[in-house]
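Reading through the structure tokens given below for one structure.
Each reported figure results from applying straightforward, stated rules to the coordinates on display, with no laboratory input. Values in this document were obtained by computation on a predicted structure and should not be read as measured data. Cβ atoms come from the backbone with ideal geometry, glycine included; neighbour counts cover every protein chain shown.
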Amino acid sequence: MSYLNAFNTKLIEFFQDLSDTYPEEKEIRQALEAITGLKKINPKMIIDLFHEYVYVPLADPIKREDEDFIIPYANKMIAQQFNEMSIALMIFHKYWPEMSTANRKAIWMYLKVLVVFCEKAKNL
């Protein structure tokens, strides 16, 4: 399995878990559908979006699990710009304060794996 395919599979799994955990958030379900469709049409575009909107500004804070950096950044980005990757940031904005420790650990794990796959797929 290529790193690009592994990245896309893991991102879809992440959004599926978010959708299952927060079924009331229709934006998560819509983002999942968009990403799943995009994987069939242009799988490279997904990682390019992640790289631009998540990896470049947040790779180091994700690796450090730095919620004090990510939460204000998420709030700013959600207010300024929307795309499929913004949905993942919405979790920090809306649910992080009352989220269980287990769910927080799962989010960090997904994000760290996605960062590593992004680095490998893009030879960073």
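A few points about this structure:
- Filter pass, LYS122 being within 22 Å of ASN8 (Cβ to Cβ), more than 13 Å from the chain's Cα centre (by Cα) and not hydroxyl-bearing (Ser, Thr, Tyr): yes
- Selection from segment 87-118 of residues that are closer than 16 Å to LYS63 by Cα and hydroxyl-bearing (Ser, Thr, Tyr): TYR110
- Where ILE107 falls short, out of the listed (1) under 11 Å from the mean Cα position of the chain (by Cα); (2) outside any helix (DSSP H, G or I); (3) not aromatic (Phe, Trp, Tyr): (2)
- Residue within segment 60-75 that is aliphatic (A, V, I, L, M), assigned to a helix (DSSP H, G or I) and over 15 Å from the mean Cα position of the chain (by Cα) present: no
- Flag if ASN42 is farther than 25 Å from ASN5 by Cα and not β-branched (Val, Ile, Thr): no
- Single condition ILE70 does not satisfy, out of (1) crowded, with 20+ Cβ neighbours inside 10 Å; (2) of a type in the set (Val, Ile, Thr); (3) over 19 Å from CYS118 (Cβ atoms): (3)
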